[in-house]
Amino acid sequence: MKLLVKVNLALGVLFALGIGATAAVSRDLLQRNARAEVYENAKLLIENALAVRRYTSTHIAPLLETQIKYDFRPEMVSAYSALELLKNVREANAEYRQFQYREATLNPTNPANRAVQWESDIVNAFRNGAVASPMFGERDTPNGRMLYVAKPLKADSACLRCHDTAENAPTTMVAKYGSANGFGWKVGEIIGAQIVQIPESFALARAETTFRVFIGSLVGVLLAMALMLNGLLWWLCIRPITRISTLADRISLGEIDAPDFQRASRDEIGQLASALSRLRQSLVHAIRMLEA
Ligand code: HEC
């Protein structure tokens, strides 16, 4: 087998092993990073929702105080504006369509916000102090695996204006939402949780893109190195050795006036050329003596 073929086979095996090991490690690392990034994004969404909540109760609600004597406007409710805002984000951006934001509540004013089983488990875990806030988790859904972040929602004294008893709440609000739900909350009580869910596929798709670019460039760099190695090998070894062996061939077939071996470099091949040149001289000398 030719030297170049042997070297390239060895390089091929080495590169394949190297790329395989790098791919296994980097894919795992990139997926973990993408997951962590998604959790950070989810935390930011929750903070956004909290900011909108605060803005609504400090800036918008006071403007509607007179209005709610006649007609209750949900626009003054912080929960409503936070939910609307995140709904808006989802509707305006196709890539965020599968993001979900919930204010899952055990005893909600609006039944649409009632915590379902797994959400109740989270709210109860917060109530029992079993988990720290924010809580990170994963769950399987019919639409694929979802990553979620949850943060407890606590009632304070200002909330009790509407969430204490139906008698104390604005009459227009009770007229709109009824007197059965969303009352009886206590100051300091965890009444629900903000939960942001993001599909795992969103994280994995990002990791996959980075992975492809990374492995693609690694393969590119290795191929370029292999090409350079081939060139060097040909230039430094194969070419001079082929020259020497062709000459040696001619001399071994009795062509004693073939040109002498040229020492073209100071390396081992140069030494070989010098040694063969001396050998040739001895050979020529011996032949001449035999002929004499
Ligand atoms: C002006 C009355 C009012 C005040 C004050 C108020 N809420 Fe509400 N809250 C409502 C109404 C009405 C809804 C239902 C909105 C809807 O979805 O239409 C609601 C909804 C919620 C929800 C969603 C679950 C549910 O009950 O439907 C949460 C959580 C919530 N409020 C928490 C709070 C907290 C915490 C505070 C205090 C920081 C607070 N609310 C202050 C009236 C009020």
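The values are calculated or read from the model by the stated rules, or taken from the named source; none is laboratory data. These numbers come from a predicted model, not from an experiment. Neighbour counts run over all protein chains shown; Cβ positions are idealised from the backbone, glycine included.
Output the number of the condition that PRO108 fails; it satisfies all remaining conditions of (1) in a loop (DSSP other than H, G, I, E, B); (2) free of Cβ contacts under 8 Å to residues at least 12 places away in the same chain.
Of (1) in a loop (DSSP other than H, G, I, E, B); (2) free of Cβ contacts under 8 Å to residues at least 12 places away in the same chain, only one is false for PRO108: (2).
What about ASP121, is it more than 21 Å from PRO74 (Cβ to Cβ), outside any helix (DSSP H, G or I), among the charged types (D, E, K, R) and without any contact (Cβ under 8 Å) to a residue 12 or more places away in the chain? Give the steps one after another, and end with the answer.
Numbers: more than 21 Å from PRO74 (Cβ to Cβ): yes; outside any helix (DSSP H, G or I): no; among the charged types (D, E, K, R): yes; without any contact (Cβ under 8 Å) to a residue 12 or more places away in the chain: yes.
No: the conditions fail for ASP121.
Mind counting the residues in the range 100-126 that are more than 14 Å from the ligand (Cβ to nearest atom) and in contact with a strand residue (DSSP E or B) (Cβ under 7 Å, 6 or more places away or on another chain)? Break it down into steps so the answer makes sense when it comes.
Let us first name the residues in the range 100-126 that are more than 14 Å from the ligand (Cβ to nearest atom), namely 100, 117-118, 121, 124-125.
Then drop every residue that is not in contact with a strand residue (DSSP E or B) (Cβ under 7 Å, 6 or more places away or on another chain), which leaves 100, 118.
Adding up the residues that qualify gives 2.
How many of the residues making up the range 175-202 are among the hydrophobic types (A, V, I, L, M, F, W, C) and over 24 Å from LEU85 (Cα atoms)?
Number satisfying all stated conditions: 5.
Looking at the range 166-198, which of its residues are among the β-branched types (Val, Ile, Thr), farther than 19 Å from LYS151 by Cα and surrounded by 13 or more Cβ atoms within 10 Å (Cβ to Cβ)?
Within the range 166-198, the subset among the β-branched types (Val, Ile, Thr) is 171-172, 174, 187, 190-191, 195-196, 198.
Adding the requirement that they be farther than 19 Å from LYS151 by Cα leaves 171-172, 174.
Correct list: THR172, VAL174.
Of SER201, SER252, which residue is in contact (Cβ under 8 Å) with a residue 24 or more places away in the chain and among the polar types (S, T, N, Q)? Spell out the reasoning first.
Values: SER252 fails: in contact (Cβ under 8 Å) with a residue 24 or more places away in the chain.
Testing whether each residue is in contact (Cβ under 8 Å) with a residue 24 or more places away in the chain and among the polar types (S, T, N, Q) leaves just SER201.
In the range 25-47, which residue that is in contact (Cβ under 8 Å) with a residue 12 or more places away in the chain and closer than 15 Å to ALA150 by Cβ is surrounded by the fewest Cβ atoms within 10 Å (Cβ to Cβ)? Lay out the reasoning, then the answer.
Quick first cut of the range 25-47, residues in contact (Cβ under 8 Å) with a residue 12 or more places away in the chain only: 26-27, 30-31, 33-35, 37-39, 41-43, 45-46.
From what's left, closer than 15 Å to ALA150 by Cβ: 38-39, 41-43, 45-46.
On the way: VAL38: 24, TYR39: 19, ASN41: 18, ALA42: 24, LYS43: 15, LEU45: 21, ILE46: 22.
The qualifying residue surrounded by the fewest Cβ atoms within 10 Å (Cβ to Cβ) is LYS43.
Looking only at the range 252-277, filter to residues that are out of contact with any Phe, Trp or Tyr (no Cβ under 9 Å at 6 or more places or on another chain) and in a helix (DSSP H, G or I); which one of those is modelled with the lowest pLDDT? It would help to see each step written out before you state the result.
From the range 252-277, those out of contact with any Phe, Trp or Tyr (no Cβ under 9 Å at 6 or more places or on another chain) are 252-271; that's our starting set.
Subset that is in a helix (DSSP H, G or I): 252, 268-271.
On the way: SER252: 89, GLU268: 94, ILE269: 93, GLY270: 93, GLN271: 94.
By that ranking, first place goes to SER252.
Which numbered condition in (1) loosely packed, with under 13 Cβ neighbours inside 10 Å; (2) without any contact (Cβ under 8 Å) to a residue 60 or more places away in the chain is the only one that ILE244 fails?
Looking at each condition in turn, ILE244 falls short on (1).
Return the only residue of GLU47, GLU95, GLU40 being assigned to a helix (DSSP H, G or I), more than 13 Å from the ligand (Cβ to nearest atom) and either more than 30 Å from GLY216 (Cα to Cα) or of a type in the set (Lys, Arg) (or both). Even if it seems obvious, please write down each step before you answer.
Values: GLU95 fails: either more than 30 Å from GLY216 (Cα to Cα) or of a type in the set (Lys, Arg) (or both); GLU40 fails: either more than 30 Å from GLY216 (Cα to Cα) or of a type in the set (Lys, Arg) (or both).
GLU47 is the lone residue from the list that is assigned to a helix (DSSP H, G or I), more than 13 Å from the ligand (Cβ to nearest atom) and either more than 30 Å from GLY216 (Cα to Cα) or of a type in the set (Lys, Arg) (or both).
Across the range 155-168, what is the total count of residues that are within 7 Å of the ligand (Cβ to nearest atom) and free of Cβ contacts under 8 Å to residues at least 24 places away in the same chain? Quick ask: steps written out before the conclusion?
Looking only at the range 155-168, we keep the residues that are within 7 Å of the ligand (Cβ to nearest atom), and these are 155-156, 158-159, 161-163.
Now narrow it down to the ones that are free of Cβ contacts under 8 Å to residues at least 24 places away in the same chain: 161.
Of the residues in that region, 1 qualify.
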